[in-house]
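Peer 1: Take a look at this one; I'll ask things after.
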Amino acid sequence: MSPLIRALEAALFAATQPMSVEAIARHLGQGEAAVREGLRELAAHYAGRGVELVERGGRWHFQTAPDLAHLLRPMHEEPRRLTRAATECLAIIAYHEPVSRAEIEAIRGVQTAKGTVDVLMEAGWVRIAGRREVPGRPVIYATTPTFLAEFGLGSRRDLPGIEELRATGLLDPVDEAYDALMGQGAVDPNSEEALRQ
């Protein structure tokens, strides 16, 4: 094993959080191209082992192999219960980022308590991404690399699509509520009557 690979392994093993290629290169005093190649080689070396080297959101870290995660859960699982409102807000931010509180409320159809987004920020899943350049300059929110890492996503493109969500049954309550609403005499948005309005 080359000195660079050994240094990469040691640096990532000791890191308290996932590291970007740029941060690793700076820390080791190496070029980014050499670090990228070394990371690929190290990831191949750990592939199929109990611990794997993975990239999540442009940051690298060691994690337990997914098929062995169940062995470690009882040891250190930290239960993190989210309210329904927090879960909805997290999903909206993940799928629509960057998004403002007003946009979250418009999608949810109800007002969102300030503490709801704060809980997501304390968990490290959501961050302030700046301000929207409109009157009032509202704060906009986005997900973090921690969100990607904790949910096992390489990037936001790995979020499940509508068909995947429907296949798991997660959209059944939404579909049933919509059907019930349509059955109560509500206007079908695709009908000729809705188009005339």
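The values are calculated or read from the model by the stated rules, or taken from the named source; none is laboratory data. From a predicted model like this one, the values you see are computed outputs, not experimental measurements. Cβ atoms come from the backbone with ideal geometry, glycine included; neighbour counts cover every protein chain shown. These accessible areas exclude ligands, DNA and RNA; they are computed on the full protein's heavy atoms, side chains included. Shrake-Rupley method; radii C 1.70, N 1.55, O 1.52, S 1.80 Å.
Peer 1: Might you tell me the accessible area per residue for the range 1-74, computed with a 1.4 Å probe and given in Å²? Display every interim value, and only then the final one.
Peer 2: Numbers: 4520 Å² over 74 residues.
With all protein chains present, the range 1-74 gives 61 Å² per residue.
Peer 1: Here is a further query. Amide H neighbours of residue 100 under 5 Å, at least 5 residues apart or on other chains, H built in the peptide plane: list them.
Peer 2: Residues meeting the criterion, in which the H sits 1.01 Å from N, are 141.
Peer 1: So, taking all protein chains as they sit and a 1.4 Å probe, how much accessible area belongs to residue 36, in Å² rounded to tens?
Peer 2: Residue 36 has an accessible surface of roughly 100 Å² with all protein chains in place.
Peer 1: Determine ³J(HN,Hα), in whole Hz, for all residues of the range 48-59 in sequence, where each value follows from phi through the Karplus function 6.51 cos²θ - 1.76 cosθ + 1.60 and θ = phi - 60°; x replaces Gly and Pro.
Peer 2: x, 8, x, 10, 10, 9, 10, 10, 10, x, x, 10
Peer 1: Could you give me D for the range 98-153, from Stokes-Einstein at 37 °C and 0.692 mPa s, where the hydrodynamic radius is the Kirkwood radius over C-alpha pairs? Units µm² s⁻¹, please. Before the final figure, lay out each step's value.
Peer 2: On the way: Rh = 12.0 Å.
Result for D is 274 µm²/s.
Peer 1: Next question. Mind listing the long-range amide H neighbours of residue 56? Cut-off is under 5 Å, sequence gap 5 or more, other chains count too, H placed in the peptide plane at 1.01 Å from N.
Peer 2: Those lying under 5 Å, H to H, from residue 56 are 61.
Peer 1: With a Förster radius of 30 Å, plug the Cβ-Cβ distance of residue 40 and residue 159 into 1/(1 + (r/R0)^6) and report the FRET value to the nearest 0.05.
Peer 2: Between residue 40 and residue 159 the formula returns 0.75.
Peer 1: Ok, one more. With all protein chains present, calculate the accessible area of residue 83 using a 1.4 Å probe and round the result to the nearest 10 Å².
Peer 2: Looks like 80 Å² after rounding.
Peer 1: Could I ask something else about it? What nm value, rounded to one decimal, do you get for the distance between residue 107 and residue 5 when each label is placed 7 Å out toward the C-beta?
Peer 2: 4.3
Peer 1: While we're here: Counting pairs of alpha carbon atoms under 8 Å apart in space and at least six apart in sequence, what relative contact order in percent does the range 1-46 give?
Peer 2: Over the range 1-46, the number comes to 45 percent.
Peer 1: In whole Hz, what ³J(HN,Hα) sequence does the range 87-100 give by Karplus (6.51, -1.76, 1.60; θ = phi - 60°), x for Gly and Pro?
Peer 2: 5, 5, 4, 4, 5, 5, 5, 4, 7, 10, 4, x, 9, 8
Peer 1: Using the Karplus curve 6.51 cos²θ - 1.76 cosθ + 1.60 with θ = phi - 60°, what ³J(HN,Hα) values do you get for each residue of the range 146-163, in whole Hz, with x for Gly and Pro?
Peer 2: Running phi through 6.51 cos²θ - 1.76 cosθ + 1.60 with θ = phi - 60° gives 4, 4, 4, 5, 5, 9, x, 10, x, 7, 5, 5, 7, 4, x, x, 4, 5 Hz.
Peer 1: Continuing with the same structure: Could you tell me the calculated FRET efficiency between residue 13 and residue 122, based on Cβ-Cβ distance and R0 = 35 angstrom, to the nearest 0.05? Before the final figure, lay out each step's value.
Peer 2: Details: r = 27 Å, r/R0 = 0.78.
E between residue 13 and residue 122, to the nearest 0.05, is 0.80.
Peer 1: Moving on. Hey, what's the Kirkwood Rh for the range 1-106 if you take every pair of different alpha carbons, in angstrom?
Peer 2: 16.4
Peer 1: Enter the accessible area of residue 118 (Å², nearest 10), with the probe set to 1.4 Å and all protein chains included.
Peer 2: Result for residue 118: roughly 50 Å² accessible.
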